[in-house]
Structure formats: C-alpha cells, structure tokens
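Input: a single structure, listed below in structure tokens.
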Amino acid sequence: MVREHKDDFTVSALACGKNVKLLAEQIREFHPALVSVGDEAAAAALKDLIPGETCDILTGMEGLIAVSTIPESDILVTAVVGMLGIRPTIAAIQAKKDIALANKETLVSAGHIIMPLAREYGVHVLPVDSEHSAIFQSLQGNEGNEIDRILLTASGGPFRGKSLKELEGVTPAQALNNPNWDMGQKVTIDSATMVNKGLEVMEAHWLFNVDVDDITVLVHPQSVLHSAVQYKDGAVIGELGVPDMRLPIQYALYYPNRPYLSGKRLNLFELGSLTFEEPDLTVFKGLALAKKVGNAGGNLPTAFNAADETAVELFLKGEIGFTEIPDLIVKAVAACDFIENPTVEEIFATREAALKL
C-alpha cells in the first residue's frame, strides 16, 4: 500500500518476529528510523543483512512499544499475531496515535480497556479486517442513527455444508484450503472451524458498541458482500467488492478519504447472484461457544482465544482431530476462574492458564 502511494506516506518504523530476510528488503526500500525483531538472534541476523543502513534495531516487547510510539508516526498498523498486540496498542493510544487494527485478539481480550482508552485520548481505532472495515464503511454518514443489527459475513470455509461425521477425518491440508482468502495457518484453520468468525463477533461488539446478540453471522460463499449494517428503519447498508485486503488497509490509512486503488473491479453482471445461509451451529460449535463467551465477557474471551491457539497447534501436529478443537476450547473456558473486569496482567495470566489445558 505504501509502495503504491509513496508521495503520501513515510514508514517511520517496522516490526517483525523472525522473518528478517523480508524485513531487510523492506528496510532497504523504505529506510525506517527504527525496527524491532523478536529476539537478539534475529537482531544479529538482521544486522548482517543491512550493511550501510542506519536504523536502530530493538527486540521483544520493548522494541514493539518503541515502534508503536515513535514520535514521527501518526498511525500505527498493528498486525502482530495474538495477544502480543495488546501492550503496544495501549502504548500507541497513550502516545495519541491512530490505530489501524488488524489484530482481533487485542479487542477480544482487552476491548474493555482499549476502546475507553481510545475515547479518552481522542484517537481513531480503524478496523483493517475486511468484515469490520465493511461495517465501519457502512456506518459513515449515519452518525446518530441507531443500529438494529450488524450482519457479519463469513465465507463458510472449505467445509460449508458438511456434517460432523464428515469432518471427523479432516486433515490439516484439507483445513488449510480456504476457497477465497490467502491467510496464515492459524487464521485459516480458525476460518475452517468458524472460530475466527466467533472472534470477529467479539471484536465487532467492542468496535461498534453493539450487543453480541445483535450481531448476525451470514454464510456468504462468494465473499462479495463483506458485511453490512441494518438500521432501525429496516435499511441495510453494506460494502461490496472483490476479495482484496488492500482496500480495507487503504481505507484505514486514508480515512475518511477514498483515493484511487488499482486492481480488479467487481462486475455484477459476471457475478450473477449472491447467496446467504445460516451457519450450522451444531457442526461449527466454536462459533456458538464464542457468542456465549462474548455475552459473558470478562476474561472468558481470553481463555477462549488462548485455548484455540493450543488446539490449532495440536491439530496441525496431528495430535488431535479437527472436531476436537472446539472440545478443548469448551474445557478451557469451563475451567477459567471468571474475572469481570480483568487488568492487562490478569488477561495474560488467564492466557497462560488456558494455554496449559
């Protein structure tokens, strides 16, 4: 995105975990003042790849917070995996940076902290996930009008229409074959179980201040309507387009403006029709549980998310079956000691406990 709009953006800082080869390429192209990597070994490897570059190299959480609060930046794109994004996001808000949020776990576990803090510091939390961006776009120009419900779309993943019996022998390779989106392994498996959609329900609850019960999940295999808002007068306003993550990224970076974006355009004549189905909650039990957990709140969403991390890892290793993923999540949530309004420290303590189940 920055590459396409070089005259409008400067990259002040970058962060990665261990993919220092790609980071080195980005440093040589964008020349940030500061970068952060996962550990000292990654930092040493990076230094060898960028002779002549003058950027500072930091590591770990200290590095992520430094990247998120660098004075030269106006907006932080937070796309780290998991709950690692919570502390840097808080730090960025306190430094009065707008947040382009591509890390749903930050709000799933800490929405009760993040959203009030953003209001206190007067910063925007701009969603980058395609569904939440679509909802956000559908709200523009309707400030003050009451929402009846949010219509959150889902592709249905590779197992749409399958029974529990048919899913018992699913392999990791089959679960990683998403029909519409190219994502990392964790998110792709979560899409196949529809746990990802459950996490998105919880995220939408915090982003848009809507009750969990007022968020309806629609299975929409074409992935053309990215989500919609139904208002009290019955009108439904949604955002449609080809599946292309560049659009929500660009909208967050340019908000509220909509400059030109290259790429394929939606052709409704070629498309012909759009279809919608209700999700089967007896098959995709993780989605049903997510709505219950979202309603309960507190630290239960953290237990849900952490247990899913463990379950997905075990499935990818071949140690549990596909249909056992939601069973492990249920076990972890049931074992969680409920905390109604957890602090950041209590959130991470809950995560550690749930990861061990």
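The values are calculated or read from the model by the stated rules, or taken from the named source; none is laboratory data. Since the model is a prediction, treat every value here as computed from it, not as a measurement. Reconstructed Cβ throughout: ideal geometry from the backbone, glycine too, with neighbour counts over all protein chains shown. The accessibility values were calculated without ligands, DNA or RNA, using every heavy atom of the protein model including side chains. Shrake-Rupley method; radii C 1.70, N 1.55, O 1.52, S 1.80 Å.
Things worth noting here:
- Where a residue in region 265-277 is modelled with pLDDT of 95 or more and its partner, wherever it lies, is open to solvent by 90 Å² or more (accessible area, probe 1.4 Å) and in a loop (DSSP other than H, G, I, E, B), with Cβ under 9 Å and at least six apart: Glu277/Arg160
- Selection within region 329-351 - within 22 Å of the chain's Cα centre (by Cα), in contact (Cβ under 8 Å) with a residue 24 or more places away in the chain and part of a helix (DSSP H, G or I): Ile329, Val330, Ala332, Val333, Val344, Glu346, Ile347, Phe348, Thr350, Arg351
- Check on Gly82, modelled with pLDDT of 95 or more, open to solvent by less than 50 Å² (accessible area, probe 1.4 Å) and not charged (D, E, K, R): no
- When Met202, Met245 are checked against the criterion of being closer than 22 Å to Gly184 by Cα and open to solvent by 50 Å² or more (accessible area, probe 1.4 Å), a single residue qualifies: Met245.
- Residues being open to solvent by 40 Å² or more (accessible area, probe 1.4 Å) and either assigned to a strand (DSSP E or B) or of a type in the set (Asp, Glu) (or both) - total across region 219-238: 4
- Screening Ile90 against (1) closer than 21 Å to Ile347 by Cβ; (2) surrounded by fewer than 19 Cβ atoms within 10 Å (Cβ to Cβ); (3) out of contact with any helix residue (DSSP H, G or I) (no Cβ under 6 Å at 6 or more places or on another chain) leaves a single unmet condition, (2).
- Residues considered: Glu120, Glu131. Of these, the only one that is open to solvent by 20 Å² or more (accessible area, probe 1.4 Å), touching a residue at least 24 places away in the same chain (Cβ under 8 Å), not aromatic (Phe, Trp, Tyr) and not in a loop (DSSP other than H, G, I, E, B) is Glu131.
- For Glu340, the criteria (1) surrounded by 12 or more Cβ atoms within 10 Å (Cβ to Cβ); (2) closer than 23 Å to Ala204 by Cα hold in every case but one, which is (1).
- Going through (1) assigned to a loop (DSSP other than H, G, I, E, B); (2) open to solvent by 40 Å² or more (accessible area, probe 1.4 Å) one by one, Ser73 falls short only on (2).
- Selected residue [closer than 19 Å to Ile215 by Cβ and among the basic types (Lys, Arg)] from Lys104, Lys97: Lys104
- Summed over region 43-70, the residues that are polar (S, T, N, Q) and assigned to a helix (DSSP H, G or I) give a count of 2.
- In summary, Asp7 fulfils each of the numbered conditions (1) part of a loop (DSSP other than H, G, I, E, B); (2) under 23 Å from Val123 (Cβ atoms); (3) not polar (S, T, N, Q) with the single exception of condition (2).
- Region 13-32, residues that are part of a loop (DSSP other than H, G, I, E, B) and either buried (at least 17 other Cβ atoms within 10 Å of the Cβ) or among the acidic types (Asp, Glu) (or both): Cys16, Pro32
- Restricting region 311-328 to residues that are part of a helix (DSSP H, G or I) and of a type in the set (Val, Ile, Thr) leaves a set whose member that is most open to solvent (accessible area, probe 1.4 Å) is Thr323.
- Annotation: Leu253 fulfils all but one of (1) open to solvent by less than 20 Å² (accessible area, probe 1.4 Å); (2) assigned to a helix (DSSP H, G or I); the unmet one is (1).
- Entry remark, region 134-192: residues being among the charged types (D, E, K, R), open to solvent by 40 Å² or more (accessible area, probe 1.4 Å) and under 30 Å from Val236 (Cβ atoms) number 7 in total.
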